[in-house]
Amino acid sequence: MARVYLDYNATSLPRAAAKEAVAAAMLAPANASSVHTEGRAARAIVEDARRRVAALLGADPDAITFTSGATESNLAALSPELELEGKPVRCDVLIVSSVEHPSVRAGGRFGDKIDILPVDENGIVSVAALQDLLDAQRANAQRAFVSVMAANNETGALQPLREIAERVRDAGGVFHTDAVQVAGKIPFNVAESGADLVSISAHKLGGPQGTGALIARHPDTRVPAFMRGGGQERGRRGGTENVAAIAGFGAAASEAGQTLTPEGSRLGALRAKIENGIRAVAREAVIFSERAARLPNTTYFSAPGVSAETAIIAFDLEGVAISSGSACSSGKVAASETLKAMRVDPELVKGAMRVSMGWNTTDADVTQFLQVWSKVYTSLNKRGARAA
Ligand code: PLP
């Protein structure tokens, strides 16, 4: 039987249009900064992709800087000094939520001047706690830089971005959002989000790995270059542009944009089938962030008595690729920081498994996943009971 891939939040299967665009760009390689005909053709590919990414996200093409991916975008964005809509601004302290991707929790160029925002049991940021931090900093004449993700990569929980953006703006701060998991999955508009800076990644929306973007709401908002070099990206990011990958990024963004709303409904229905099916087999299964607004493609769950490490290998042997949450560089199953921040029972944390779907997921894939789940649960849960 064909393998079933259900790990789109780690990386999406590449879309056909993206693969074609990458191949076409590779056939006529040139440096996009060269002035000859070939160079100008490469430049045209990069600028076309910029317009496509801008169209998907309601952004100004001039406010998009291509990067090597969202890790770089996040590290670059978190800068105490920046130009905000053309005016120089200095932020004194960074506030991030406790469920951010490690590239945000690393603090960028703020070093260790970080305040952590707690989340509730559904993984949603406390706006009241944010307001308290903003008030306290204001009382000390400090300006805050706040970074809160649009959707969590493990649970899929969506944060109240507009409310956060308003509070930050009222306090005179700067707001960045890591929108990696929403871009190309649900409607997201940079202009309407209220964020000053937005990070996205191509490989989460069906483009190639190793490229992404840092997008400003206003074309005159810019952070000092994180990668300094030959002045590419109008001095915002040094390094020869990865023309082929950027071409694939643009093609994937266009394709994702064409089917955004129907795909959301289709995947939402498949998610309901997955969650009902998980519970039909294991009545006591817990679905994390179930009560929060979530991405339609993501289910993060745990069943008492089932260890994720063993279950994920069992799924893999049966031809189904799922994960334990965030992809860990060591390839091991590490306890989820997101679930710890949500104060989930450590036994359930050990069993946390993530199913994430995408453009190529079918009803048959979901049926196969559920058949394997029934088998895996029956065998592992018995073993758990014997060991107890
Ligand atoms: N932010 C979130 C929420 C992610 O899920 C990821 C990818 O795992 C990243 C940032 C990093 O993106 P990239 O792989 O493009 O560096």
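How much net charge surrounds residue 254 when only other residues with a Cβ under 10 Å from its Cβ are counted (Lys, Arg +1; Asp, Glu -1)? List each step's numbers first, then the result.
Working: positive: 15, 51, 52; negative: 48, 255.
In short, +1.
Looking at the chain only, what percent of DSSP beta bridges run antiparallel? Nearest 5 please.
On the way: 24 of 41 bridges.
Around 60 percent antiparallel, to the nearest 5.
Do any GluC sites (Glu not before Pro) in region 77-106 lie in a loop, going by DSSP, with at most 13 other beta-carbon atoms within 10 Å of their beta carbon, and if so which? Numbers along the way, then the final one.
Values: sites: 81, 83, 85, 100; in loops: 85, 100.
Of the GluC sites (Glu not before Pro), the ones in loops of region 77-106 whose Cβ has at most 13 other Cβ atoms within 10 Å are 85.
Work from the charge dipole of the chain (Cβ charges, +1 for Lys and Arg, -1 for Asp and Glu, about the Cα centre) and give the residue of 94, 231, 353 farthest towards its positive end.
Final value for the positive-end residue is 353.
Which length gain, in nm to one decimal place, applies between residue 284 and residue 120 when the Cα-Cα distance is subtracted from 0.36 nm times their residue separation? All intermediate terms of the calculation are to be shown ahead of the outcome.
Numbers: separation 164, 0.36 × 164 = 59.04 nm, distance 2.15 nm.
Between residue 284 and residue 120, full extension yields an extra 56.9 nm.
In debye, nearest 20, what is the charge dipole magnitude of the chain about its Cα centre with +1 on Lys and Arg Cβ and -1 on Asp and Glu Cβ, if you could check? Spell out each step's value before the answer.
Values: 42 positive and 42 negative charges, 118 e Å.
Charge dipole of the chain: 560 debye, to the nearest 20.
Once the dipole of the chain is set up with Lys and Arg at +1 and Asp and Glu at -1 on Cβ about the Cα centre, which of 377, 6, 300 lies farthest towards its positive end?
377
Net charge around residue 46, counting only other residues with Cβ within less than 14 Å of its Cβ (Lys, Arg = +1; Asp, Glu = -1)? Don't jump to the answer; show the numbers that get you there.
Details: positive: 40, 43, 50, 51, 52, 234, 236, 237; negative: 38, 47, 48, 62, 233, 241.
Neighbourhood net charge equals +2.
Of all DSSP beta bridges in region 120-237, what percent run antiparallel (nearest 5)? Numbers along the way, then the final one.
Values: 6 of 12 bridges.
Antiparallel bridges: around 50 percent, rounded to the nearest 5.
Each reported figure results from applying straightforward, stated rules to the coordinates on display, with no laboratory input. Owing to the predicted nature of the structure, the values given are computational and were not obtained by experimental measurement. Glycine also receives a Cβ, built like all others from the backbone with ideal geometry; neighbour counts cover every protein chain displayed.
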